[in-house]
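The values are calculated or read from the model by the stated rules, or taken from the named source; none is laboratory data. Source: prediction; values computed, not measured. Neighbour counts run over all protein chains shown; Cβ positions are idealised from the backbone, glycine included.
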Amino acid sequence: MSARFHSIGSIKLKMADIIFKEVLDVIVIISESGEVVDANPSFRKIVGYSREEVVGKPLFFIQKGDYESIVQKVMAADSSPMDYWTELITLTTKAGGLKKSRIKISKISDNHEGDTYYLCFFRIIPS
């Protein structure tokens, strides 16, 4: 591979890292088993939980009925022709408040390692 290709790949990784850290929307990455792998800084600002409080745990901050709907869609993702889906859900903040949110979940598969992750974008809907 050319040095230019490696340089472009490196720049894209840096841009993705900056976007993950600086975007105002909540971004959460979950594993195929539904556990949180990572959460961006906006997650703490909006939902109130630190990254350390949610990594390795299921999406407990999503209301139960919404969570079950998302889990069903994650399980059906392999048979779906779409690589993403959206839905209106309710988040429960650490302080006990409720926030309506539009969630968009994109499936990301690593063909080399065989791992599958889901990139979850939460756009809070002002009340």
_Every residue in region 89-104 that is touching a residue at least 24 places away in the same chain (Cβ under 8 Å) and touching a Lys or Arg at 6+ places or on another chain (Cβ under 7 Å), please._
90, 91, 93, 101
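Say we look at region 10-23 and pick out the residues that are under 15 Å from residue 120 (Cβ atoms) and more than 12 Å from the chain's Cα centre (by Cα); which of these is surrounded by the most Cβ atoms within 10 Å (Cβ to Cβ)? Full working, then the answer.
Filtering region 10-23 for residues under 15 Å from residue 120 (Cβ atoms) gives 19-20, 23.
This time we only want the ones that are more than 12 Å from the chain's Cα centre (by Cα), so: 19, 23.
Working: 19: 11, 23: 13.
Checking each candidate, the answer is 23.
Please return the ranges of helices (runs of 4 or more DSSP H) entirely within region 1-108 where 2 or more residues are at pLDDT below 90. Break it down stepwise before answering.
On the way: elements: 3-22, 41-47, 51-54, 64-76.
Fully inside region 1-108 and qualifying: 3-22, 64-76.
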*asked:* So in region 82-127, with the set limited to residues that are over 21 Å from residue 35 (Cβ atoms) and among the aliphatic types (A, V, I, L, M), which one is surrounded by the most Cβ atoms within 10 Å (Cβ to Cβ)?
replied: 124
*Taking region 106-115, which residues are touching a residue at least 12 places away in the same chain (Cβ under 8 Å) and farther than 21 Å from residue 62 by Cα?*
115
